[in-house]
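Undergrad: Please find one structure pasted underneath; my questions will follow.
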Amino acid sequence: MKHHHYKTTIEWTGNKGPGTSNYRDYERSHTISVENKPVIKGSSDPAFRGDNTKHNPEEMLLSSLSSCHMLWYLHFCSEAGIIVTDYIDHATGTMEETSNGRGHFTAVVLNPLVTITDETQIEKAIKLHEKANKFCFIANSVNFPVKHTPKIVIKI
């Protein structure tokens, strides 16, 4: 069994002076840093007093699921001789917030629109989404369903 290790640094940048002396006295702003990579500016969801111009953890989770699926899918298409020329996913996720303020994701739906060059490979291209879903490290790490509704377009 192989083990892979990852490091990230999260730094809160939202202290407006008095720190967390009051729920409304601080920003939820923070930075997400990984060595030798651009810094990502983050905040909480605007529903939780966050900055809507910055990425929030919920969007990052959704993006992680979508990009992991895409990378596995492209890998399997390459192995299967399917030439993909374009891939875009408008992923959606649902988070349920309970009355006590806790919350959890209940579902994610990936909606990849994939362009391939060979009309005879449409069925195989659709099936490879199932395989990608089974191999996606992130999808295998969450406790809610990650579904996909792929669409295939032909462009020669």
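The values are calculated or read from the model by the stated rules, or taken from the named source; none is laboratory data. Predicted model only: the values in this text are computed from it and were never measured. Heads up, the Cβs are rebuilt from the backbone with ideal geometry, glycines too, and the neighbour counts pull from every protein chain shown.
Undergrad: Only one of L113, L71 is out of contact with any Gly (no Cβ under 6 Å at 6 or more places or on another chain), outside any helix (DSSP H, G or I) and either modelled with pLDDT of 95 or more or not assigned by TED's automatic domain parsing to the domain that holds H30 (or both). Can you tell me which?
TA: Of the residues listed, the single one that is out of contact with any Gly (no Cβ under 6 Å at 6 or more places or on another chain), outside any helix (DSSP H, G or I) and either modelled with pLDDT of 95 or more or not assigned by TED's automatic domain parsing to the domain that holds H30 (or both) is L113.
Undergrad: Give all pairs with beta carbons closer than 6 Å in which a residue from region 135-156 that is basic (K, R) meets a residue that is in a loop (DSSP other than H, G, I, E, B); count only pairs at least 6 apart in sequence or on separate chains.
TA: Pairs found: none.
Undergrad: Would you be able to say whether some residue in region 57-69 is more than 21 Å from V142 (Cβ to Cβ) and out of contact with any strand residue (DSSP E or B) (no Cβ under 6 Å at 6 or more places or on another chain)?
TA: No, region 57-69 contains no residue that is more than 21 Å from V142 (Cβ to Cβ) and out of contact with any strand residue (DSSP E or B) (no Cβ under 6 Å at 6 or more places or on another chain).
Undergrad: What are the pairs, 6+ residues apart or on separate chains, where a residue within region 39-64 that is over 12 Å from G14 (Cβ atoms) has its Cβ under 7 Å from a residue that is in a helix (DSSP H, G or I)?
TA: D45/E58; N52/P46
Undergrad: Still on this structure, please answer the following. Please go through region 63-97 and give me each residue that is within 14 Å of F144 (Cβ to Cβ) and hydrophobic (A, V, I, L, M, F, W, C), ordered by number.
TA: Hits for region 63-97 are L65, A91, M95.
Undergrad: Say we look at region 85-110 and pick out the residues that are of a type in the set (S, T, Y) and at pLDDT 95 or above; which of these is surrounded by the most Cβ atoms within 10 Å (Cβ to Cβ)?
TA: Among them, the one singled out is Y87.
Undergrad: Could you say whether any residue in region 12-29 is exposed (fewer than 10 other Cβ atoms within 10 Å of the Cβ), outside the structural domain of L61 (by TED's automatic domain parsing) and at pLDDT 95 or above?
TA: The answer is no, given that none of the residues of region 12-29 is exposed (fewer than 10 other Cβ atoms within 10 Å of the Cβ), outside the structural domain of L61 (by TED's automatic domain parsing) and at pLDDT 95 or above.
Undergrad: List the pairs whose first member sits in region 70-98 and is touching a residue at least 12 places away in the same chain (Cβ under 8 Å), whose second member is loosely packed, with under 11 Cβ neighbours inside 10 Å, and whose Cβ atoms are under 9 Å apart, counting only residues at least 6 apart or on separate chains?
TA: W72/K134; T85/K155; D86/K155
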